[in-house]
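Data first, discussion second: the structure below is written as C-alpha cells.
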Amino acid sequence: MTAVVLTVALAGVVGLSLGLLGGGGSILAVPLLVYVAGLPAKEAIATSLLVVGVTSAAAVLPHARAGRVRWRTGLVFGLAGMAGAYAGGRLAAYVPGAILLTGFAVMMLATAVAMIRGRRAGPDKPVPHELPLPRVVADGVAVGLVTGLVGAGGGFLVVPALALLGGLPMPVAVGTSLVVIAMKSFAGFAGYLSTVHVQWGLAAAVTAAAVVGSLAGGRLAGRVPERALRTSFGWFVLVMGLFVLAQQLPAGLRPTALVVLAAAAAVAATTAAGLHLRRRHARAARHPAYTARPE
C-alpha cells in the first residue's frame, strides 16, 4: 500500500515535467513503475505509455489556450514520428540493448549541452507560425526512429528539434511537443495491449496524479522566462543522461564513473553557457538595441 501511495505521489512529478518542459514522461514513469510500484518491465512500459499519452493530451490544454501550440507542425511531426518509431522498433531487434541505451545516453548529453548553450546569436528573425513541411517530416521520422529504437525519449528530442532546429520559442516548442508525445504514446500503448496485462486501477490513479501535475506545469510554463526554461530542460536532460549512461557500466564502477561523468558534463555545459553569454554580451556591445530582444 505504501508503494502505491508513493507511486501516485511521484506521478505528479512526471506530469509536472511534461507540462513544464514538454518531456521527461517515459524516462521518469518507467523507472517509477518498475522500482517503486514493482511492475514487470513490459507492463511498466505499457502503463507508462498510457499515463504519458493521457497526461500529455491533458497538458496540451493550458498551452493551447495560451496560443503556445503549432497544431499543423505537431500533428505532422507526430504522424512522421509514428512511422519512424515503427521502423525503429523493427530495427531494435538487431541491436544489443546495451548499445542502444549507451547511444541514447550520449545523445541526451549532447542535447543537454546544446539546450544549455542555446542558439547562436544572430539577426532577429520573425517567429515562425508553422515550420516548413519537409523539415517537420524529416525531423519527425528521425526522432521517431530513435524513440522506436530505445523506447523512450520522445520529448527529449522533440523539444530541441522544434526549439533549436525549427526556431520556435521554447514555450511553444514545449506545447507543440505534447501533441507529438500524446500521439506516439497512444500508438505505442495500442501495440502493447494485445500482449501485456495492465493493472487498470493503478494506471488510473497514476494517470490522475500525473494529469494534475501536468496542468500545474502547463500554467507555470507561460510564466517562466524562455532562457530559464530552456536551461532547466538542458540540466534535467543532462542528469537523466548521466543516470542512463551509468546504468550501462559494471555495478562496481558506477559510483566513480557517475561522479567523473557528472563533473565532465557540468564543465562542458557551463563552458558552453559561458561562451553563449560572452557572445551575447559582445553582440549587445556592438548593437545596443539587441539587448531588448527576449531570450
(1) of a type outside the set (V, I, T); (2) at pLDDT below 85; (3) out of contact with any Asp or Glu (no Cβ under 7 Å at 6 or more places or on another chain) all hold for L165 apart from (3)
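Name the residues in the stretch 21-59 that are within 15 Å of V211 (Cα to Cα) and at pLDDT below 80, would you? Walk me through how you get there before you give the answer.
Here is the first cut: in the stretch 21-59, the ones within 15 Å of V211 (Cα to Cα) are 21-26, 28-29, 47-59.
Once the filter is applied, which keeps residues that are within 15 Å of V211 (Cα to Cα) and at pLDDT below 80, the stretch 21-59 yields L21, G22, G23, G24, G25, S26, L28.
Any idea how many residues of the stretch 31-45 are part of a loop (DSSP other than H, G, I, E, B) and touching a helix residue (DSSP H, G or I) at 6+ places or on another chain (Cβ under 7 Å)?
First pass over the stretch 31-45, keeping only residues part of a loop (DSSP other than H, G, I, E, B): 37-40.
Remaining after also requiring touching a helix residue (DSSP H, G or I) at 6+ places or on another chain (Cβ under 7 Å): 37-39.
Total satisfying the criteria: 3.
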Condition first: among the aliphatic types (A, V, I, L, M) and either farther than 25 Å from L193 by Cα or in a loop (DSSP other than H, G, I, E, B) (or both). Now tell me which residues in the stretch 49-75 satisfy that.
L61, A64, A66, V69
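Tally the residues that are in contact with a Leu (Cβ under 8 Å, 6 or more places away or on another chain) and either at pLDDT 95 or above or part of a helix (DSSP H, G or I) (or both), restricting the search to the stretch 183-201.
Taking the stretch 183-201 as the starting set, the residues that turn out to be in contact with a Leu (Cβ under 8 Å, 6 or more places away or on another chain) are 183, 185-186, 188-189, 192, 198-199.
Checking which are either at pLDDT 95 or above or part of a helix (DSSP H, G or I) (or both) leaves us with 183, 185-186, 188-189, 192.
Total meeting the criteria: 6.
Which of the residues spanning the stretch 3-61 are among the polar types (S, T, N, Q) and in contact (Cβ under 8 Å) with a residue 60 or more places away in the chain?
We begin by selecting, within the stretch 3-61, every residue among the polar types (S, T, N, Q); these are 7, 17, 26, 47-48, 55-56.
Selection gives T7, S17, S26, T47, T55, S56.
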When the stretch 146-164 is checked residue by residue, the ones that are farther than 16 Å from S26 by Cα and touching a Leu at 6+ places or on another chain (Cβ under 9 Å) are L162
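Here are A3, A64: which of them is surrounded by fewer than 17 Cβ atoms within 10 Å (Cβ to Cβ) and under 19 Å from G217 (Cα atoms)? Don't jump to the end; show me each part of the working.
Details: A3 fails: under 19 Å from G217 (Cα atoms).
Of the residues listed, the single one that is surrounded by fewer than 17 Cβ atoms within 10 Å (Cβ to Cβ) and under 19 Å from G217 (Cα atoms) is A64.
Would you confirm whether any residue within the stretch 2-24 is among the small types (G, A, S), assigned to a helix (DSSP H, G or I) and more than 25 Å from G234 (Cβ to Cβ)?
Among the residues of the stretch 2-24, at least one is among the small types (G, A, S), assigned to a helix (DSSP H, G or I) and more than 25 Å from G234 (Cβ to Cβ), which makes the answer yes.
Out of everything in the stretch 120-153 that is assigned to a loop (DSSP other than H, G, I, E, B) and surrounded by 14 or more Cβ atoms within 10 Å (Cβ to Cβ), what residue ends up being modelled with the lowest pLDDT? It would help to see each step written out before you state the result.
If we filter the stretch 120-153 for residues that are assigned to a loop (DSSP other than H, G, I, E, B), which is where we start, we get 120-132, 151-153.
The next check asks that each one be surrounded by 14 or more Cβ atoms within 10 Å (Cβ to Cβ); those that pass are 121, 128, 130-131, 151-153.
Values: A121: 46, P128: 59, E130: 77, L131: 79, G151: 61, A152: 62, G153: 58.
Here the residue is A121.
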Filtering the stretch 93-110 down to residues that are buried (at least 19 other Cβ atoms within 10 Å of the Cβ) and either among the aliphatic types (A, V, I, L, M) or modelled with pLDDT of 75 or more (or both) yields A105, M108, L109
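The values are calculated or read from the model by the stated rules, or taken from the named source; none is laboratory data. Please read these numbers as outputs of a predicted model, since none were measured by experiment. Glycine also receives a Cβ, built like all others from the backbone with ideal geometry; neighbour counts cover every protein chain displayed.
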